[in-house]
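Here is the structure we will look at, set down as structure tokens.
The values are calculated or read from the model by the stated rules, or taken from the named source; none is laboratory data. Only a predicted model underlies this, so the values are computations on that prediction, with no experimental measurement involved. Counting neighbours? That spans all protein chains shown, and the Cβs are built from the backbone with ideal geometry, glycine included.
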Amino acid sequence: MNYVATIGERKVKVTVEAKSGSDYEVTIDGIRKIVNASRVADHLWSILHGNESVEADVFQLPGEEFEVLIEGDRHKFSLMNEQQRAMLRPDGKGTTGRALILSPMPGKIVKLLVEAGQEVGANHGLIVVEAMKMENEIKSSGAGRIAEIYVKEGDVVESGAKLLLVE
């Protein structure tokens with residue numbers, strides 16, 4: 001899955017590809033690393049890279065904002081998948097009009113937050129997808145009406161699967 005992380009004013013391209021088990025290939029601004037990431041407790045992750053082991057407390061804040069605590073250092077950033085980023089206008093406001101919402105990752109549909117025909121505004125929660133024991137709320141980038149829902153709670157989806165259509 002491809003993402004753009006925003007750290008302050010800096011934008012960083014991040015690609016995460018699941019390998020086997022809890023191994024991932026992570027590429028950050030062209031630098032490729034193989035890591036092993038396992039959730040140990042609620043917000044606590046154990047990350048292995050080469051001979052290094054790091055514990056990270058990961059907290060999702062409102063929207064696409066995250067805060068990560070690693071060895072006493074606090075890191076704040078926003079993380080958007082390519083689909084979310086593509087639906088933003090240059091002024092930073094969500095688009096209006098037709099938007100096909102795709103799953104940003106393989107996972108399980110935990111909760112539908114909307115119904116067909118429902119009106120939604122920008123940044124409105126649409127659906128919750130669980131991946132790697134973490135729940136990810138997918139939000140609307142702009143105002144519209146839920147035209148179609150392609151999945152139901154309990155479905156298992158692949159990355160890029162059609163979830164909803166917002167018009």
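General observations
- Index of the failed condition, Ile127 passing every other in (1) at pLDDT 80 or above; (2) surrounded by fewer than 19 Cβ atoms within 10 Å (Cβ to Cβ): (2)
- Filtered by the rule that a residue be in contact with a Phe, Trp or Tyr (Cβ under 8 Å, 6 or more places away or on another chain) and surrounded by 16 or more Cβ atoms within 10 Å (Cβ to Cβ), segment 150-167 gives Ala161, Leu163, Leu164, Leu165.
- Residue count for segment 41-66 satisfying the condition of being acidic (Asp, Glu) and surrounded by 15 or more Cβ atoms within 10 Å (Cβ to Cβ): 1.
- From the list Leu69, Leu102, Leu88, the lone residue that is surrounded by 13 or more Cβ atoms within 10 Å (Cβ to Cβ), modelled with pLDDT of 90 or more and on the phi < 0 side of the Ramachandran plot is Leu69.
- Residue among Ser38, Ser20 that is hydroxyl-bearing (Ser, Thr, Tyr), loosely packed, with under 13 Cβ neighbours inside 10 Å and not assigned by TED's automatic domain parsing to the domain that holds Glu158: Ser20
- Answer residue from segment 1-30, given it is free of Cβ contacts under 8 Å to residues at least 12 places away in the same chain and assigned to a strand (DSSP E or B) and is farthest from Gly160 (Cα to Cα) among those: Arg10
- Test: Lys33 is without any contact (Cβ under 8 Å) to a residue 40 or more places away in the chain, under 20 Å from Met105 (Cβ atoms) and surrounded by fewer than 13 Cβ atoms within 10 Å (Cβ to Cβ): yes
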